Amino acid sequence: MIIALPKEVKENEYRVAATPSAVAALVRKGHTVLFEHDCGAGSGFSDEAYIAAGGQLTEHEALYRNSDMIYKVKEIDASEYDLLHEGQIFFSYLHSNAHLESTLFCLKNNITSIAYEDIDDDQGKFPALIPMSVLAGKGGFLAALHFSQSVHGGKGLLLNRIPGVPTPEITILGCGASGMGVAELAAAFGNKVTILDVSWKAMEAAKHQLPANVEFMYSSRENLETCLKRTDVLFNCILWDKNRKDHIVYREDLKMMKPGSLIVDVACDDNGAIESCRSTSHTDPIYTEEGIIHYAVDNIPSGFSCTASQTLSAATLPHAIAIAEKGVEQALLDDKHLRRGLTTYKGKLCLLETALKHNLPFTDPKDAIEGK
Ligand SMILES: NC(=O)c1ccc[n+]([C@@H]2O[C@H](COP(=O)([O-])OP(=O)(O)OC[C@H]3O[C@@H](n4cnc5c(N)ncnc54)[C@H](O)[C@@H]3O)[C@@H](O)[C@H]2O)c1
C-alpha cells in the first residue's frame, strides 16, 4: 500500500501522525511511505530521519494524488478537498460531528474515513484519545502554573506548597484520563486537590493512583459550590455529551469564586459544562469573564508535539499496519474496534453519533462493507 504523510495544515498544529520509527515499521513490511517536506519538523523529526527510515520525500500534490491512504493528525481541511480521490482512505482525527462539511465531502466523494477518536478497545475506552487527554491534563496544569503568575495576568499565586502560606486549592471536574493528568501534577506540586466525579468506580480507581493530598467528592451541586468558593484553579475534565443543553458551572456561579481565580477548560466544549467557556488557541489562550481568567485551548497536546507525536503514532500504528497489510475492508471486518472508528464508506455514514446529531441516514459499518 502507498501511504502518505502530509505536513499538517492547521495553525499551531506541530504533531505528525507517524514518527520515523513508525515509517520504518511500515517500510519493513513492504509498503511505500511518501512524506512531505518538514512533516515532522514541528515534532523534532527531520526529513533526513524519514529518508533513513525508508520514506520517500514527495511534493504536496503528488503525495495526495499517488497514495492509497492519507495518514494524518487533524481532520480534513478544505484545502485538501481537490487533492483527495475516490476510494482513498483518510486515517486521522476527524471529529465528523463538529466538521459536517468535510463529512459530507467524504460521503459525496466516496472517501473511506476512519476516525482515531472513535476506535475503541475491549474496555470500551478510546486508546487514541487517552494519551492525548493525559497530555492535555498535564499541559493544562502547566498553563495554570503560568497564568496564575501576576506577570501573566494572574493573581500571583505559586501553585505549590510553601511553608508559612496557605496551600493553593485545586478543583478538578472528572477523574478520567485528562483529570488524572491534572491531578498527578497538581498533587505532586503539593497543592490541596479535590476531584469531583459522578462515578464512584472511577474515583475508587483514581484513589489508588494518587497521593493523600487528593480528596474525592461526588459531583453534586452542593459539593461543587463548596469547591467553587475555595478553589484557586478549577479544571473541567468532563467528557461532555454534545447534545446536552445544561451546564455544570453557570456564568452566574463565577461570582462565587475568588476574584482572579482561573478556569482551565481542558474538555473545551463551547457552552458545555462551563457555560462561559469558548475555545481559544495557543496564540491567544486566555480571556476574562466575571473576574475569572479562562484558559480553553482546544489543542493543548500540540504544545508538546514531540511527546504527543510519539504516543499518538504508537497508538495508531497497529491499525495502519493492519489496513496496509490486509486492505481496508478486511482490516475493518477483522477488527470490531477499528470498525467502530469507520465514519464514511462508499457514500454511507457509519458513525451513529454523527448521524443522530445531524439527522442523516446511518448504515451499520459491517453492512456498509458487506454491501448490504
Ligand atoms: N483541550 C484539549 O486539547 C484536549 C485534548 C484531549 C482531550 N480533550 C477533551 O477532554 C475531555 C475529557 O476527556 P477524558 O479523556 O479525560 O474523558 P474521560 O472519559 O476519560 O473522563 C471523563 C470523566 O468525567 C466524569 N464525569 C461525567 N460527568 C461528570 C460530572 N457531571 N461531574 C464530574 N465528573 C463527571 C466521568 O465519570 C469520567 O470519569 C474530552 O471532551 C476530550 O475531547 C481536550
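Annotations for the structure displayed:
- At least 1 residues being of a type outside the set (Lys, Arg) and touching a Lys or Arg at 6+ places or on another chain (Cβ under 9 Å) is the threshold, and among the helices (runs of 4 or more DSSP H) wholly inside the stretch 41-130 those reaching it are 60-65, 100-108.
- Residues located in the stretch 123-142, provided they are surrounded by fewer than 24 Cβ atoms within 10 Å (Cβ to Cβ) and either free of Cβ contacts under 8 Å to residues at least 24 places away in the same chain or within 10 Å of the ligand (Cβ to nearest atom) (or both): GLN123, GLY124, LYS125, PHE126, LEU129, ILE130, PRO131, SER133, VAL134, LEU135
- Here the condition is being within 16 Å of the chain's Cα centre (by Cα) and not assigned by TED's automatic domain parsing to the domain that holds LEU262; of PHE105, PHE91, it holds for PHE91 alone.
- Pairs linking a residue in the stretch 195-222 that is in the same structural domain as ALA183 (by TED's automatic domain parsing) and at negative phi to a residue that is of a type in the set (D, E, K, R) and assigned to a loop (DSSP other than H, G, I, E, B), with Cβ atoms under 9 Å and 6 or more positions apart or on different chains, are ASN213/ARG161.
Every residue, every condition in (1) surrounded by 22 or more Cβ atoms within 10 Å (Cβ to Cβ); (2) within 20 Å of the chain's Cα centre (by Cα); (3) within 11 Å of the ligand (Cβ to nearest atom), yes or no:
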{"residue": "MET217", "(1), (2), (3)": "no, no, yes"}
{"residue": "LYS229", "(1), (2), (3)": "no, no, no"}
{"residue": "ARG251", "(1), (2), (3)": "no, no, no"}
{"residue": "ILE263", "(1), (2), (3)": "yes, yes, no"}
{"residue": "ALA296", "(1), (2), (3)": "yes, yes, yes"}
{"residue": "ASN299", "(1), (2), (3)": "yes, yes, yes"}
{"residue": "CYS306", "(1), (2), (3)": "no, yes, no"}
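- Complete set of residues in the stretch 72-122 that are at pLDDT 95 or above, within 16 Å of the ligand (Cβ to nearest atom) and polar (S, T, N, Q): SER92
Conditions (1) buried (at least 18 other Cβ atoms within 10 Å of the Cβ); (2) out of contact with any helix residue (DSSP H, G or I) (no Cβ under 8 Å at 6 or more places or on another chain); (3) polar (S, T, N, Q), marked per residue:
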site	(1), (2), (3)
LEU317	yes, no, no
ALA320	yes, no, no
LYS326	no, no, no
ALA331	yes, no, no
ASP335	no, no, no
GLY341	yes, no, no
ASP364	no, yes, no
ILE369	yes, no, no
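The values are calculated or read from the model by the stated rules, or taken from the named source; none is laboratory data. It should be emphasised that the depicted structure is a prediction, and the values quoted were computed from it without experimental measurement. Heads up, the Cβs are rebuilt from the backbone with ideal geometry, glycines too, and the neighbour counts pull from every protein chain shown.
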